[in-house]
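Just below is one structure, and these are the notes that go with it.
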Amino acid sequence: MSNDLFYSGNYQKAAFGEFGLRVIASGGTSTVGEQYNAIQAMEDSTISCTNAATGGDTSISSLVILAGQIIYGTFHTISCTGGKVIAYIE
């Protein structure tokens, strides 16, 4: 269950990872039922994910993110086919 980020306190907690995180290594997938607000690459990584965007791409396949890079959104599923990422729980 995700937190309501319309409240500034929840938004600030999510921004600093206070709702937790998941480390997803090569071959791994995110936990069913969780939502994530950011994905950070711990090393050069390749991921696929779905998100709750109201415009643009809602499904991303084989995205390469470089070590240290962060992407933001509301992600529902994340799978890592190479490298290792941190997914911050929303």
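Bear in mind that the values in this text are calculations on the coordinates, not laboratory data. Only a predicted model underlies this, so the values are computations on that prediction, with no experimental measurement involved.
Numerical summary
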quantity	calculated
Intensity falloff of segment 12-90 expressed as log10 I(q)/I(0), Debye formula with alpha-carbon point scatterers, at q = 0.15, 0.26 Å⁻¹	-0.43, -1.31
Over segment 24-68, volume per residue of the alpha carbon convex hull, in Å³	87
